[in-house]
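Presented below is the structure to which this report refers.
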């Protein structure tokens, strides 16, 4: 793994709609905290959400997690993919059901446009299931490349899908 020069605030979107969703969400956060040079700083509440992109599947649990990471974006992305696989993720349909999905939403002030990785997440501004939990922990964060804070993106979001805060 390549170490970044400094620690960077990185926001991750987590989602699960197969199996024991709550357990998968909790285990994902535990596994994120076990990555060398990654510290989980805070996380949003859990939200139950309607599936986006492919509606004929179970509802998701979603949350946004803020981490402090000393890794390069590609290395963190690979670590997240390993966590997904360890939690039973099978990649078939890109928007289909999954035990765990971890997306890098924002990586400090970096904009990454590689074949494998795009940061900020290209669909961030279109997804209430991401913006609602994100606005809970970082409403004023200005998204690199978009030049707008999370709260403004949420207010402008065309998505009207259900995003319901739940108690753990």
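The values are calculated or read from the model by the stated rules, or taken from the named source; none is laboratory data. All values reported here derive from a predicted model rather than from experimental measurement. So basically every Cβ, Gly included, is an ideal-geometry build from the backbone, and we count neighbours across all protein chains shown.
Assorted remarks:
- Among the residues of segment 83-95, those that are more than 19 Å from residue 57 (Cα to Cα) and loosely packed, with under 14 Cβ neighbours inside 10 Å comprise 85, 86.
- Scanning segment 1-37 for residues that are more than 13 Å from the chain's Cα centre (by Cα) and either in a loop (DSSP other than H, G, I, E, B) or buried (at least 21 other Cβ atoms within 10 Å of the Cβ) (or both) turns up 1, 2, 17, 18, 19, 20, 24, 34, 35, 36, 37.
- Among the candidates 129, 107, 134, residue that is in contact (Cβ under 8 Å) with a residue 40 or more places away in the chain, surrounded by 21 or more Cβ atoms within 10 Å (Cβ to Cβ) and out of contact with any helix residue (DSSP H, G or I) (no Cβ under 7 Å at 6 or more places or on another chain): 129
- Segment 38-74, subset without any contact (Cβ under 8 Å) to a residue 40 or more places away in the chain and either closer than 24 Å to residue 116 by Cβ or touching a helix residue (DSSP H, G or I) at 6+ places or on another chain (Cβ under 8 Å) (or both), residue surrounded by the most Cβ atoms within 10 Å (Cβ to Cβ): 40
- Which numbered condition residue 77 fails, given (1) outside any strand (DSSP E or B); (2) farther than 20 Å from residue 123 by Cα; (3) touching a residue at least 24 places away in the same chain (Cβ under 8 Å): (2)
- Exactly one residue out of 93, 159 is over 23 Å from residue 6 (Cβ atoms), in contact with a helix residue (DSSP H, G or I) (Cβ under 8 Å, 6 or more places away or on another chain) and either modelled with pLDDT of 95 or more or part of a loop (DSSP other than H, G, I, E, B) (or both), and it is 159.
- Which listed residue is in contact with a strand residue (DSSP E or B) (Cβ under 7 Å, 6 or more places away or on another chain) and more than 19 Å from residue 134 (Cα to Cα), from 93, 103, 56, 37: 37
- Residues considered: 150, 83. Of these, the only one that is at pLDDT 95 or above, within 16 Å of residue 18 (Cβ to Cβ) and touching a helix residue (DSSP H, G or I) at 6+ places or on another chain (Cβ under 8 Å) is 83.
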